[in-house]
Amino acid sequence: MSRRKRERKRLEEGGVDSEVFDNAVATFIFEILTRQVQPADNLCNVDHYAVRDAYTLSYMFPQSRFVMVVRDGRAVAHSKMPVNHTSTEFNSTLYEEHLQAWEDQTRDMLTGCLAVGRLYCLAVYYEHLFLHPIHALQRILTFLNIPFPRHYDERGFLFYDKMEEILVRGNNPKFQKQLTTWVQCAPKLAFKEGNATHLLSTFGYLQLGNPPDYQNLNQRAILSEMLY
């Protein structure tokens with residue numbers, strides 16, 4: 001018997017089993033969350049790695065819900081490149097490494113999301129949050145069973161509290177263009193099927209053209225098929 005197994009057996013004999021450990025870890029996590037924010041009915045932890053461990057966390061917190069935000073891996077890889085690079089000195093090897101890292105991390109998160117199923121995990125496109133913020137937020141809040149913030153102004157018209165500015169920005173071509181700034185420096189591999197671009201194709205990014213038209217991302221046809 002290995003030393004690790006002997007230690008575990010000794011702890012279990014002393015009444016310290018896996019349930020005790022899980023309760024201790026859950027209490028520790030809850031304490032951190034409550035100390036980070038003001039008292040609220042719903043606590044939120046912005047950590048994409050949490051989705052990777054969704055199965056374990058959902059056991060510790062049965063009422064927890066997870067939102068997996070998927071972004072074009074090519075844009076993510078571009079954001080991790082040195083800020084002073086130009087198209088002529090672009091390091092395609094480093095870019096491919098970042099793209100592969102996105103592929104691996106996203107696959108881990110997707111596995112965690114699939115493990116708990118659609119009742120506990122919702123996958124949304126980052127680009128939809130940017131281009132269709134009101135619809136995307138409504139979808140997320142409905143999933144979380146949180147009422148959408150609505151108020152009436154002095155004229156009796158319905159408007160979204162603090163959402164109008166977001167909506168205007170999302171419909172502004174200037175801000176929409178920022179989603180594709182990575183294209184001018186991206187190497188050819190960013191638009192071809194390969195080891196580091198499998199999930200790009202699965203999520204529908206490779207099919208959007210060059211530059212990609214994110215308006216054509218189909219949330220239900222792609223992510224729903226995978227998660228539901």
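The values are calculated or read from the model by the stated rules, or taken from the named source; none is laboratory data. Please read these numbers as outputs of a predicted model, since none were measured by experiment. Note that we place each Cβ from the backbone using ideal geometry, even for glycine, and neighbour counts take in every protein chain shown.
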Residues in the stretch 153-161: is at least one surrounded by fewer than 18 Cβ atoms within 10 Å (Cβ to Cβ), in contact with a Leu (Cβ under 8 Å, 6 or more places away or on another chain), over 26 Å from Gly209 (Cα atoms) and modelled with pLDDT under 85? yes
When you go through (1) part of a helix (DSSP H, G or I); (2) in contact with a Phe, Trp or Tyr (Cβ under 6 Å, 6 or more places away or on another chain) one by one for Thr106, which number turns out not to apply? (2)
Residue hits (the stretch 66-80; buried (at least 19 other Cβ atoms within 10 Å of the Cβ) and in contact with a Cys (Cβ under 8 Å, 6 or more places away or on another chain)) are Phe66, Met68, His78
Restricting the search to the stretch 4-27, which residues are modelled with pLDDT of 70 or more and exposed (fewer than 10 other Cβ atoms within 10 Å of the Cβ)? Glu19
Cβ-Cβ under 8 Å pairs, at least 6 apart or on other chains, the stretch 45-69 side more than 12 Å from Gln105 (Cβ to Cβ), far side part of a loop (DSSP other than H, G, I, E, B) and of a type outside the set (Asp, Glu): Ala54/Tyr120; Leu57/Ser64; Ser58/Ser64; Ser58/Tyr120; Ser64/Tyr120; Arg65/Tyr120; Phe66/Tyr120; Val69/His48
In the stretch 213-228, how many residues are crowded, with 16+ Cβ neighbours inside 10 Å, modelled with pLDDT of 70 or more and either more than 23 Å from Leu122 (Cβ to Cβ) or of a type in the set (Val, Ile, Thr) (or both)? 0
Identify the single condition in (1) closer than 28 Å to Phe61 by Cβ; (2) modelled with pLDDT of 60 or more that Ser201 does not satisfy, given that it satisfies every other one. (1)
